[in-house]
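A.B. asks: Quick one: structure below, then a few questions.
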Amino acid sequence: MNSEVIDQLKSQLGANGLPYAIPIHPNLVHLTLGLFIVGIAFDFIGVLLRIQRPLFKFLAIPVTPSNFFDVGWYNMLGSAIITFFTVGVGFYEMLLAQPSTEVKSSWGLQAMETMLWHSAGGVFLLVLIVGMTIWRGFQRYIWRKDNSQQVQLTYLLSGLFIMLLMYVHGTLGAQLAAEFGVHNTADMLLRLGKDPNLLLN
């Protein structure tokens, strides 16, 4: 019975090994990254506004630090929310993955090792992003609500460190797609002995 269900599910998968045409996880990853990076960047701009104020005045753009801190806060909040979906879909797509077992990544890892590190890293980053969002919320609404500089320097430096971790983590994800062919339509067709040029045009 179980093998029949598995065979039925496999028959519904496309050439990329998924029941839909385009992998969702990579798109959500970029949304998570974009929201987080923009959140930290705008908080940096809010802190550095005193230095940049003449430029905004020259461009006739009426801004205050609170405008930038608002953008920083809402982007960080959005990043925390979307990352739950990013990680959830990532685990779903990982369960359907059929990576090449004959290849090692440029970091010398096998496919399964790369998937395990990438999945563990995703959960770890989710915890860090949620933690940063809670920290940001406390600064905005409690600790520094009457302070013109809404964020602490340690918060900004922590954000930069998390961006470095995201780069390492993202490289593992890129290796899964590019080097192991996980949910890569052209790679899957080549492994099946078919010509992607004929089927994907």
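The values are calculated or read from the model by the stated rules, or taken from the named source; none is laboratory data. Computed from a predicted structure; not experimentally measured. As a convention, Cβ positions derive from the backbone with ideal geometry for all residues, glycine included, and neighbour counts pool all protein chains shown.
A.B. asks: What do you reckon, is V130 surrounded by fewer than 14 Cβ atoms within 10 Å (Cβ to Cβ), closer than 22 Å to G34 by Cα and of a type in the set (A, V, I, L, M)?
C.D. replies: Here the answer is no, as V130 does not meet what is asked.
A.B. asks: Can you find a residue that is within 30 Å of V47 (Cβ to Cβ), in contact (Cβ under 8 Å) with a residue 12 or more places away in the chain, of a type in the set (G, A, S) and loosely packed, with under 15 Cβ neighbours inside 10 Å anywhere in segment 80-102?
C.D. replies: No.
A.B. asks: Got a number for residues in segment 108-122 being over 13 Å from G170 (Cα atoms) and not small (G, A, S)?
C.D. replies: Residues meeting the conditions: 5.
A.B. asks: Which residue, of D43, D70, is on the phi < 0 side of the Ramachandran plot, at pLDDT 85 or above, surrounded by 16 or more Cβ atoms within 10 Å (Cβ to Cβ) and of a type in the set (D, E, K, R)?
C.D. replies: Testing whether each residue is on the phi < 0 side of the Ramachandran plot, at pLDDT 85 or above, surrounded by 16 or more Cβ atoms within 10 Å (Cβ to Cβ) and of a type in the set (D, E, K, R) leaves just D43.
A.B. asks: Checking the conditions here, which among A111, A178, A120 is of a type in the set (G, A, S), farther than 30 Å from L48 by Cα and modelled with pLDDT of 90 or more?
C.D. replies: A120
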